[in-house]
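Chemist: This is the structure, below, for whatever I ask next.
Quick note: the coordinates plus some simple rules give every number you see, no bench work behind them. Quick caveat, the model's predicted, so the values are computed rather than measured. For neighbour counting, all protein chains shown are included, and Cβ atoms are generated from backbone atoms with ideal geometry for every residue, glycine included.
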Amino acid sequence: MTLHKLTEIDLQLVLAWRNAPEVRKSMCATLEISEADHHAWFARMEHDPQALWYIHQGKNDMPDGVVYFTQYRPENQSSFLGFYAAPDAPAGTDTKLSMSALDKAFHEFNLHKVSAEVLITNERSLHFHEKLGFNREGIFRDYHFDGEGFVDVIRLGILKSEWVKKRSEIENRIAKLDAITLATKKMGGYKIMILSDQASWLNSWVNELAEEWRATGHECFVAHQIADAVPADFCFCLSFGQIVSVSTRQQYKHTLVVHESGLPKGRGWSPMSWQILEGKNHIPITLLEAEDKVDAGSTYLQECIELNGTELSPKWRKLQAEATMRLCYAFISDYPSILDKAEAQIGEPTFYPRRCAENSQLDLGKTLFEQFNLLRVVDNEQYPAFFEVNGETFTLKIESTKTDYGL
């Protein structure tokens, strides 16, 4: 993986990439760029000391993406970073070119900080930056007009010290994707649909799973609304709260759900949170067929995660997400023989209700120790712990001093 300075020879290739619909839709400027405007931009950029553009070369030195630094200020040891892969680049190219870019920024340019800006509507890019180690630092409200309305822009940043800690994880991710690709004979594959809620915490892992399936030769699509789902061989509903009707499920050979309980016990909503509140540390993660009745379908695979009773939501969510991805990946890898493992649920079901913000209220008559499990399941941003005094509400956030969960 190498970066070479963008030259006039590269302009036709970059213009074709930049004007591809799948690239344009993620950019601030979504209109097609003319060849004249493209050459005029290059002429200006060549004389701008704060703009550095590079072509990324991947396997066999083939160009597969663009990396660019803007507002590059070596005297402040800072810069903004942007990148995008070629439309036909192999799965995992985004990760490779971003690692090359951050290595160049922190080791060759010796920068202290790299920043990025992402439209709030570009959820995939936001999660991708966070997986690289970027932290959200602020919101520019109604900062960009997309032709239809004003859109918030999220500012993110990563320090050199943070990249040093994160780099080995990204390197391992690249090695995993390369191993998957190498082991796969690309003779077609399945078409896979993943549905998840727009604001789900699971989406960064969902995007990784989709990336791995693409590296294996499958077509994979991610959507957050049933209306955006496409017909496919399989549909995985992961952290998806909408009801998937029979007519929708008929578009797929199988519609699968992952549920965090030993079914039929614990059907319903937020089973991880409810079981942690019950003091349980041994929690089954189950892959099952979706049916009309909630969480009532035949089960295919199950594994258990073990907790020690101290994990806060970032930690136990990571364990849950990793188990979920393994089960989904195993189903596709073992299909169709996996169907022989289908088992009907036996026994009297129990149900958990939907959790809401009110469930995060602390009882001032109890000690923190008595309510520690409640503090373990709250979300500091979406539904923080809170208490009331004299009619006024106060929020309480909790963090572990051990925060390196590889998120």
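Chemist: Under a plain spin-label model, where a point goes 7 Å from the Cα along Cα-to-Cβ, how far apart in nm are Phe150 and Glu46?
Modeler: So the two model labels end up 3.9 nm from each other.
Chemist: Please report the relative contact order for segment 357-396, taking Cα pairs under 8 Å with a sequence separation of at least 6, and give it as a percent rounded to a whole number.
Modeler: It rounds to 39 percent for segment 357-396.
Chemist: Then there is this: Within a Cβ distance under 12 Å of Phe69, other residues only, what is the Lys/Arg minus Asp/Glu net charge? Could the numbers behind the result be given before it?
Modeler: Numbers: positive: Lys5, Arg73, Lys104; negative: Asp48, Glu108.
Combined, the nearby Lys, Arg, Asp and Glu give +1.
Chemist: Could I ask something else about it? Binning at 5 angstrom from zero up to the longest distance, how are the C-alpha pair distances of segment 357-396 distributed in percent?
Modeler: Spelled out per bin, shortest first, that is 6, 26, 35, 24, 9, 1.
Chemist: Please sort by residue number the GluC sites (Glu not before Pro) in segment 136-218 whose DSSP state is loop and whose Cβ has at most 12 other Cβ atoms within 10 Å. Numbers along the way, then the final one.
Modeler: Numbers: sites: Glu137, Glu148, Glu162, Glu169, Glu171, Glu208, Glu211, Glu212; in loops: Glu148.
Qualifying residues, ordered by number: Glu148.
Chemist: Once P(r) over Cα pairs in 10 Å bins from 0, in percent is worked out from the coordinates, which option in (1) 4, 19, 28, 25, 16, 7, 1, 0; (2) 4, 19, 25, 24, 18, 8, 2, 0; (3) 4, 15, 20, 21, 22, 13, 3, 1, 0, 0 does it equal?
Modeler: For P(r) over Cα pairs in 10 Å bins from 0, in percent, the calculated option is (1).
Chemist: OK, next. Can you give me the Kirkwood hydrodynamic radius for segment 37-101, using every pair of distinct Cα atoms, in Å to one decimal? Please report the intermediate quantities before stating the final value.
Modeler: Working: mean 1/r = 0.0779 Å⁻¹.
The Cα-based Kirkwood calculation yields 12.8 Å.
Chemist: For the cross-link pairs Lys113/Lys280; Lys25/Lys113; Lys165/Lys265, which exceed 32 Å when the distance is taken from alpha carbon to alpha carbon? Kindly include the intermediate steps, with their values, before the conclusion.
Modeler: On the way: Lys113/Lys280 42 Å; Lys25/Lys113 28 Å; Lys165/Lys265 41 Å.
Violating the 32 Å Cα-Cα cut-off are Lys113/Lys280; Lys165/Lys265.
Chemist: If I take R0 = 30 Å and measure r between the Cβ atoms of Thr70 and Gln225 in this structure, what FRET efficiency does the formula 1/(1 + (r/R0)^6) give, to the nearest 0.05? Don't skip to the end; give the middle numbers.
Modeler: Details: r = 34 Å, r/R0 = 1.12.
The calculated FRET efficiency here is 0.35.
Chemist: State the extension gain, in nm to one decimal, for the chain segment bounded by Thr310 and Asn373, taking 0.36 nm per residue of separation less the distance between their alpha-carbons.
Modeler: Details: separation 63, 0.36 × 63 = 22.68 nm, distance 0.83 nm.
Length gained, Thr310 through Asn373: 21.9 nm.
Chemist: Given an 8 Å cut-off on Cα distances and at least 6 residues of separation, report the relative contact order of segment 48-113 as a percent. Can you show the working numbers first?
Modeler: Values: 102 pairs, mean separation 17.9, N = 66.
Here the relative contact order equals 27 percent.
Chemist: With r as the distance between the Cβ atoms of Tyr335 and Asp178 and R0 = 35 Å, compute the FRET efficiency 1/(1 + (r/R0)^6) and round to 0.05. Before the final figure, lay out the partial values.
Modeler: Working: r = 24 Å, r/R0 = 0.68.
Using R0 = 35 Å, I get an efficiency of 0.90.
Chemist: Multiply the residue gap between Leu31 and Arg141 by 0.36 nm, knock off their C-alpha separation, and tell me the result in nm, one decimal place.
Modeler: Full-extension gain reported as 37.3 nm.
Chemist: Roughly how many Å is it from the Cα centre of segment 227-258 to that of segment 59-128, as a whole number?
Modeler: Using only Cα atoms, the two centres lie 34 Å from each other.
Chemist: Next question, about the same structure. Sorted by mean Cβ packing within 10 Å, highest first, what order do the peptides 228-241, 15-28 take? Walk me through the numbers on the way to the answer.
Modeler: On the way: 228-241: 18.8, 15-28: 14.7.
Per-residue mean Cβ counts within 10 Å order the peptides as 228-241, 15-28.
Chemist: Which trypsin sites (Lys or Arg not before Pro) does segment 306-407 hold that lie in a coil by DSSP with at most 12 other beta carbons within 10 Å?
Modeler: Details: sites: Lys315, Arg317, Lys318, Arg326, Lys341, Arg354, Arg355, Lys366, Arg376, Lys397, Lys402; in loops: Arg354, Arg355, Lys366, Lys397, Lys402.
Listed in order of number, the matching sites are Arg354, Lys366, Lys397, Lys402.
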